[in-house]
Amino acid sequence: MVQSRERGLIVRLVRWLTFVDQPIRRKFSLFALGVLFWFVLLSCVSFYVLVDVNIKTSEVVDKLLPYERFAQDTLRKSYEMNRLVDDLKQAGSEQIVTLKAQRLKSALEGICSSIEQLEVARIHSPMRMLWNRFTANDWFDEQGNSTYVKEVKKTCAELAQQTGKLTYMKLDQIRNRNNVDVSQIDALCGHIVALETDLANASVE
């Protein structure tokens, strides 16, 4: 008796879910509502996926690639400056000192110019701004890039100051050979090389 009652409830539930006992007009109405529901749901999912792909592609084009190119360029210039500092240390004439110092200055100015291009404000569409407002954008590490740029700025400023000192010390050494302590030049060159190494390591990371 109990089994037949349970079987009857199951059959009634199945018939209710499949609209077997509903009038034909109500069946078509419910079917239309079901199709409309799934159509709207799939449209929303498709719209979300398209917007998400568009935003992440924009992140790569506008942020990841420029910062990657900047890091590679900074790394290359740091190796170049390392070689120029060694040449400046070994220079034996004022002309060579001036030439190497100018090339060091140009390398530092090139890095600073690249930073300015990175920090240029970009115009975003209203959809992009709305997306950023309502989503936690942790896919791209903007804070890490900001920290890297600040570190590069600080290191470049100190490198400009120290290379200026090295230039004047080398010119003074060439003009007055007996009045300049060579150990001071060696210590200053070591400090500059350490700064360049820090810059290269930050770019690699």
### Query
Got a sec? Which of SER113, SER29, SER4, SER78 is assigned to a helix (DSSP H, G or I), at pLDDT below 85, surrounded by 15 or more Cβ atoms within 10 Å (Cβ to Cβ) and not hydrophobic (A, V, I, L, M, F, W, C)?
SER78
## Note on the structure
Flagged pairs (Cβ under 9 angstrom, 6 or more apart or on separate chains; first in the stretch 184-196, over 16 Å from TYR168 (Cα atoms); second open to solvent by less than 20 Å² (accessible area, probe 1.4 Å) and among the acidic types (Asp, Glu)) are none
### Query
Quick check: anything in the stretch 47-60 among the acidic types (Asp, Glu), surrounded by 10 or more Cβ atoms within 10 Å (Cβ to Cβ), at pLDDT 75 or above and under 28 Å from TYR148 (Cβ atoms)?
yes
### Summary
From the option list LEU188, LEU166, LEU159, LEU171, single residue qualifying as touching a Cys at 6+ places or on another chain (Cβ under 9 Å) and within 20 Å of ASP87 (Cβ to Cβ) is LEU166
### Residue selected from the stretch 188-205 under the condition open to solvent by less than 70 Å² (accessible area, probe 1.4 Å) and of a type in the set (Val, Ile, Thr), by the criterion nearest to ASP73 (Cα to Cα)
THR197
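The values are calculated or read from the model by the stated rules, or taken from the named source; none is laboratory data. Values in this document were obtained by computation on a predicted structure and should not be read as measured data. When we count neighbours, we look across all protein chains shown, and the Cβ atoms used for this are built from the backbone with ideal geometry, even at glycine. Please note that ligands, DNA and RNA were not included when accessible areas were found on the heavy atoms of the full protein model with its side chains. Shrake-Rupley method; radii C 1.70, N 1.55, O 1.52, S 1.80 Å.
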